[in-house]
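The values are calculated or read from the model by the stated rules, or taken from the named source; none is laboratory data. This structure is a prediction, so every number in the text was calculated from the model and none was measured. Glycine also receives a Cβ, built like all others from the backbone with ideal geometry; neighbour counts cover every protein chain displayed.
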């Protein structure tokens, strides 16, 4: 076999082998169509869903009620456990201001009779002869002034000096502290705090109140309530800031009566800041107590004295028994100077006692907005003016104007209270709170006599920022 034949032989054999191989077996894929399924959403049972929601809400409410009840029961115990030194503060006692009973004046002849009883019959001295023989000198005058000074110092224990501090921004952007001082009168102790009456204008913009007592003790004060009409305010000092001994040295003031006729001509003492400086004292006499200062919703009676007026004078006026009969502020001084310039005037304590008591209990004074004139009894009778509060003027945009009250109307009833004059109207308004609706019964002048008018007013407030 030639070489060429040998080269061709393997190829031929290889080809033969390839031709003799069995054909490749076809792969069969099983049919799985019967295993395919479609997943459908389960239908919503609305009734069941609502029932479950209701049960969940009910359980949540029940849990809240149980939790609240449990917390209310256990909170005091936990509070005592975590704060063993903390005691629950007692509720403040209601403040009730009482005037001292008026003492009957003793006539001079009674004094002589009492002195004469010290002697046996036939030994009674001739009083005029004794007085003629006695020579009064400067020692007697000094003793008299000293006794009045002691009265003033004793009454001054019920006075405080209040310093109101506020911050302002200067022209350079720096913070500046400004302060203003005024007197305050300790009215009461409500079991939690000392109640102090003061001048609202002096502390109105104060951010911090510092109260200095007569013994030099300094404590922080808190604004309680005020009245813009009279410019009076009440602040408090917590009793916890004072020791028991200090409290005993700071008794509430004794309030006298400023409406008695016998007050005219009586010697009085001005303490506080009668000349604008703390601790000053002035002596004088009451010249009259019939001057009336007309203010919205209630007039006040002024006590005029022979003491010279000071623009910044404030404090109180006391009688020789040490009772407070007048309260003075720059506000009242400014208003009274129009009628009687140059004299020192104090508002009678009897006229502001109810208001001071109202503010001392943390209540706001309501505003009706009427000026009422006092009609003398003889004029009321001759002019046939009915009994009530005679409205002489209405404040602009006041509740009275909104309610239809007019000048010349006579207020005869406020709510269920009969109104006899402006004083009873002012007192009746203290029974209301701001935003209360009050029924007002009026008598309005008509062609023949008076016509009865009923209206309602929504009361405002005299306490503004």
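Here are a few things to note about the model shown:
- Among the residues making up the stretch 220-230, those that are under 14 Å from the mean Cα position of the chain (by Cα) and part of a strand (DSSP E or B) are 221, 222, 223, 224, 225, 226, 227.
Here's the yes/no breakdown for (1) in contact with a helix residue (DSSP H, G or I) (Cβ under 6 Å, 6 or more places away or on another chain); (2) closer than 22 Å to residue 463 by Cα:
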| site | (1), (2) |
| --- | --- |
| 211 | no, no |
| 216 | no, no |
| 221 | no, yes |
| 226 | yes, yes |
| 231 | yes, yes |
| 234 | yes, yes |
| 238 | no, no |
| 246 | no, no |
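- Cross-chain or 6+ apart pairs with Cβ under 8 Å, the stretch 137-164 first and within 21 Å of residue 196 (Cβ to Cβ), then in a helix (DSSP H, G or I): 162/202; 162/203; 164/202; 164/203
- Output for the stretch 376-386, where each listed residue is under 15 Å from residue 442 (Cα atoms) and without any contact (Cβ under 8 Å) to a residue 60 or more places away in the chain: 385
- Complete set of residues in the stretch 291-326 that are assigned to a loop (DSSP other than H, G, I, E, B), over 19 Å from residue 254 (Cα atoms) and touching a residue at least 40 places away in the same chain (Cβ under 8 Å): 294, 295, 296, 297, 298, 299, 313
- Residue list for the stretch 389-407, restricted to those being modelled with pLDDT under 95 and at positive phi: 397
- Options 431, 435, 448, 456; residue that is outside any strand (DSSP E or B), farther than 15 Å from residue 296 by Cβ and in contact with a strand residue (DSSP E or B) (Cβ under 7 Å, 6 or more places away or on another chain): 435
- Of the set (1) in the same structural domain as residue 333 (by TED's automatic domain parsing); (2) at negative phi; (3) surrounded by fewer than 17 Cβ atoms within 10 Å (Cβ to Cβ), all apply to residue 269 but (3).
- Some residue of the stretch 413-422 being buried (at least 22 other Cβ atoms within 10 Å of the Cβ), closer than 22 Å to residue 327 by Cα and in contact (Cβ under 8 Å) with a residue 24 or more places away in the chain: yes
- Tally of residues being modelled with pLDDT under 70 and surrounded by fewer than 10 Cβ atoms within 10 Å (Cβ to Cβ) across the stretch 106-130: 11
- Filter pass, residue 405 being crowded, with 20+ Cβ neighbours inside 10 Å and touching a residue at least 40 places away in the same chain (Cβ under 8 Å): yes
- The residue that is farthest from residue 316 (Cα to Cα), counting only those in the stretch 327-342 that are in contact (Cβ under 8 Å) with a residue 60 or more places away in the chain and out of contact with any strand residue (DSSP E or B) (no Cβ under 6 Å at 6 or more places or on another chain), is 331.
- Condition met for residue 389 (assigned by TED's automatic domain parsing to the domain that holds residue 450, under 30 Å from residue 100 (Cβ atoms) and in contact (Cβ under 8 Å) with a residue 24 or more places away in the chain): yes
- Positions within the stretch 231-254 being more than 16 Å from residue 190 (Cα to Cα) and in a strand (DSSP E or B), in sequence order: 232, 233
- Test: residue in the stretch 439-448 that is surrounded by 12 or more Cβ atoms within 10 Å (Cβ to Cβ), over 23 Å from residue 233 (Cβ atoms) and in contact with a helix residue (DSSP H, G or I) (Cβ under 6 Å, 6 or more places away or on another chain): no
- Condition met for residue 258 (over 23 Å from residue 218 (Cα atoms), part of a loop (DSSP other than H, G, I, E, B) and in contact (Cβ under 8 Å) with a residue 12 or more places away in the chain): yes
- Filter result for residue 244 (surrounded by fewer than 22 Cβ atoms within 10 Å (Cβ to Cβ) and in contact (Cβ under 8 Å) with a residue 12 or more places away in the chain): no
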